[in-house]
Each structure stands twice: as structure tokens, then as C-alpha cells.
Amino acid sequence: IQSQVYFYQESESFDKNRVWLSNAFNEYFGAGMSSLVFQEVREFRSLAYSARARIVAPTDPDESTFLYGFIG
């Protein structure tokens with residue numbers, strides 16, 4: 001049996017001057033096989049086959065950003 005867990009956490013309102021910060025966070029924390037999430041959850045602990053997380057900017061600038069995560 002295989003489980004897939006998604007999670008979303010709403011964050012602060014979108015600020016275009018801080019896009020660089022979310023890009024840096026995404027690269028370190030959740031983008032690709034060298035990311036912290038992938039290394040900790042899959043490689044070091046063998047808890048999941050796939051793991052990722054990232055901060056997603058809204059399509060509408062008046063909305064909030066959110067943290068998206070997946071473990072499968």
C-alpha cells in the first residue's frame with residue numbers, strides 16, 4: 001500500500017520585493033534531489049520514495065503565498 005500526503009499552509013500576503021527570498025528557500029529546502037527535504041526524508045531516513053516542499057507565489061498579487069509539501 002502506498003500513501004501520498006499533501007499539505008498546504010497559507011502564509012503572508014504576496015510581496016514582489018521578497019520573491020528572491022522564496023526562490024532561495026525553494027532551492028535549498030525543496031527543489032530537486034539535493035534539497036534538504038529530499039535528503040532528510042528519502043536518503044537519510046528512507047521514510048518515503050518521494051518528498052518535496054516549496055513556497056508558491058499566488059497568481060493574483062492580492063492573495064497570500066503558501067507552503068506546499070508532498071510525501072509519497
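Separation of the stretch 11-27 and the stretch 46-70, taken as the distance between their Cα centroids, equals 12 angstrom.
The listed residues THR65, THR59 rank as THR59, THR65 when sorted by accessible area, largest first, using a 1.4 Å probe.
Hey, with R₀ at 30 Å, roughly what FRET efficiency would ALA24 and SER3 work out to, going by the Cβ-Cβ distance, to 0.05? Show your work: numbers first, answer last.
Details: r = 30 Å, r/R0 = 1.02.
Given R0 = 30 Å and the Cβ-Cβ separation, E is 0.50.
Just the protein heavy atoms count here, and of the accessible area of the chain at 1.4 Å, carbon and sulfur take up 54 percent. For the chain, the solvent-accessible area of protein heavy atoms averages 76 Å² per residue (probe radius 1.4 Å; ligands and nucleic acids excluded).
Using a probe of 1.4 Å on the protein chains alone, the accessible area found for LEU47 is around 130 Å². When the Gaussian network model of the chain links Cα atoms closer than 10 Å, the mean-square fluctuations of GLU12, GLU40, GLU27 top out at GLU12.
Give me the angle, in degrees from 0 to 90, between the Cα long axis of helix 19-29 and the longest principal axis of the Cα atoms of the chain, rounded to the nearest 10. That works out to roughly 10 degrees. Of the options (1) 23, 11, 10; (2) 18, 15, 8; (3) 26, 14, 7, only one is semi-axes √(5λ) of the Cα gyration tensor in Å as computed from these coordinates, and that is (3). For the chain, trypsin sites (Lys or Arg not before Pro) meeting the loop criterion (DSSP other than H, G, I, E, B) and having at most 13 other Cβ atoms within 10 Å: ARG45.
The values are calculated or read from the model by the stated rules, or taken from the named source; none is laboratory data. Treat the numbers as computed from the prediction; the structure is a model and nothing was measured. Neighbour counts are summed over all protein chains in view; Cβ atoms, including those assigned to glycine, are modelled from backbone coordinates with ideal geometry. Only protein heavy atoms, including side chains, enter the accessible area calculation; ligands, DNA and RNA are left aside. Shrake-Rupley method; radii C 1.70, N 1.55, O 1.52, S 1.80 Å.
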